[in-house]
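Novice: Please read through the structure below; I'll follow up with questions.
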Ligand code: F3S
């Protein structure tokens, strides 16, 4: 399974993620991206049928703000770094 979370400290609001995966990423009220399905907690796995979209978004983020792991992030984007 793939878990993800956006590091809002480094997101530069470029928008590539929500273009690549509109069902997964959207802007919050401050204009920074977040992983919508689990409110950017990194606790629920990306749906299998959305994994390709997710990988596109992950690869396209210019600031490496989209984190990727096989375990939950527990709200901490830097949990595995
Ligand atoms: Fe931010 Fe990267 Fe998306 S900079 S808006 S998380 S592509």
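Bear in mind that the values in this text are calculations on the coordinates, not laboratory data. Just so you know, these numbers come straight off a predicted model, no measurement behind them. Backbone-built Cβ (ideal geometry, glycine too); neighbour counts: all protein chains shown.
Novice: So, R0 is 22 Å and r is the distance between the beta-carbons of residue 51 and residue 29; what FRET efficiency does that work out to, to 0.05?
Specialist: Numbers: r = 28 Å, r/R0 = 1.26.
For R0 = 22 Å, the calculated efficiency reads 0.20.
Novice: By counting other Cβ atoms within 10 Å of each Cβ, how are 2, 12, 66 ranked from fewest to most?
Specialist: So the ranking, lowest neighbour count to highest, is 12, 2, 66.
Novice: Got the relative contact order for the chain handy, in percent, Cα pairs under 8 Å and 6 or more residues apart?
Specialist: On the way: 154 pairs, mean separation 36.1, N = 81.
Reported relative contact order: 45 percent.
Novice: While we're on this one: Regarding the chain, what's the average projected area of the Cα-atom convex hull, expressed in nm²?
Specialist: 4.5
Novice: Nearest 500 deg cm²/dmol is fine: what mean residue ellipticity at 222 nm does the chain get from its DSSP H runs of n ≥ 4 alone, each adding -39,500 (n - 2.57), divided by its residue count? Provide the component values of the computation, followed by the final result.
Specialist: Details: 2 runs with 15 residues, N = 81.
The helix-only estimate for the chain comes to -5000 deg cm²/dmol at 222 nm.
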